[in-house]
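The values are calculated or read from the model by the stated rules, or taken from the named source; none is laboratory data. Keep in mind that this is a model prediction, so the values were computed, not measured. Glycine also receives a Cβ, built like all others from the backbone with ideal geometry; neighbour counts cover every protein chain displayed. In case anyone asks, the SASA skips ligands and DNA or RNA and just uses the protein heavy atoms, side chains included. Shrake-Rupley method; radii C 1.70, N 1.55, O 1.52, S 1.80 Å.
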Amino acid sequence: MKEELDTEKAHWLQEIRELRETTKSSHQNQRPVAFYGSSSIRMWQSLKQDLLPITAVNLGFGGSSYYWCNYFFEDVFEFVKPSKVVLYAGDNDLGNAVSEIEIINSVEQLLEKIEVKFGNIPVAIISVKPSPDRSYL
């Protein structure tokens, strides 16, 4: 099991490093709305422009799940002090046969991490969207 987790973790390390470097230099003195989650966030390349005049930061990493959002939370948010957080994950959890209870537990853990680190800031969770590749779920 540990080897499997290490292999999955390695899959995202470069992307996480890039997120850290981007936020280290560009969001130190801002309080953006942080969009955090899977590729549905990462691939929203016009997010910053779409939400103007709101300052937004895209913290998505492709293929992630709520488990991995928890795992990388401290790394990704080290240099970001958001005013609000918007979460989107779940497709990959379902695609990897993660149970509903495990998903809920991961979401609750992530919400707790956000509150501990940033206090009582607003958090929105975008519902899992229909995906043609996962219609059987």
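Please enumerate the residues belonging to the stretch 91-126 that are open to solvent by less than 50 Å² (accessible area, probe 1.4 Å) and among the acidic types (Asp, Glu). Asp91, Asp93, listed by residue number. Whenever a residue of the stretch 80-101 is more than 30 Å from Lys24 (Cα to Cα), its partners that are modelled with pLDDT under 90, lying with C-beta atoms within less than 6 angstrom and at least six residues away or across chains, give the pairs Leu94/Leu137; Gly95/Arg134. Looking across the stretch 39-60, the residues that are open to solvent by 40 Å² or more (accessible area, probe 1.4 Å) and of a type in the set (A, V, I, L, M) come down to Met43, Leu51, Leu52, Ile54.
Does Ser99 satisfy the condition of being touching a Phe, Trp or Tyr at 6+ places or on another chain (Cβ under 7 Å) and among the hydroxyl-bearing types (Ser, Thr, Tyr)?
Working: touching a Phe, Trp or Tyr at 6+ places or on another chain (Cβ under 7 Å): no; among the hydroxyl-bearing types (Ser, Thr, Tyr): yes.
In short, no.
Hey, among Tyr88, Tyr36, Tyr71, Tyr66, which residue is under 12 Å from the mean Cα position of the chain (by Cα) and open to solvent by 80 Å² or more (accessible area, probe 1.4 Å)? Tyr71 is the lone residue from the list that is under 12 Å from the mean Cα position of the chain (by Cα) and open to solvent by 80 Å² or more (accessible area, probe 1.4 Å).
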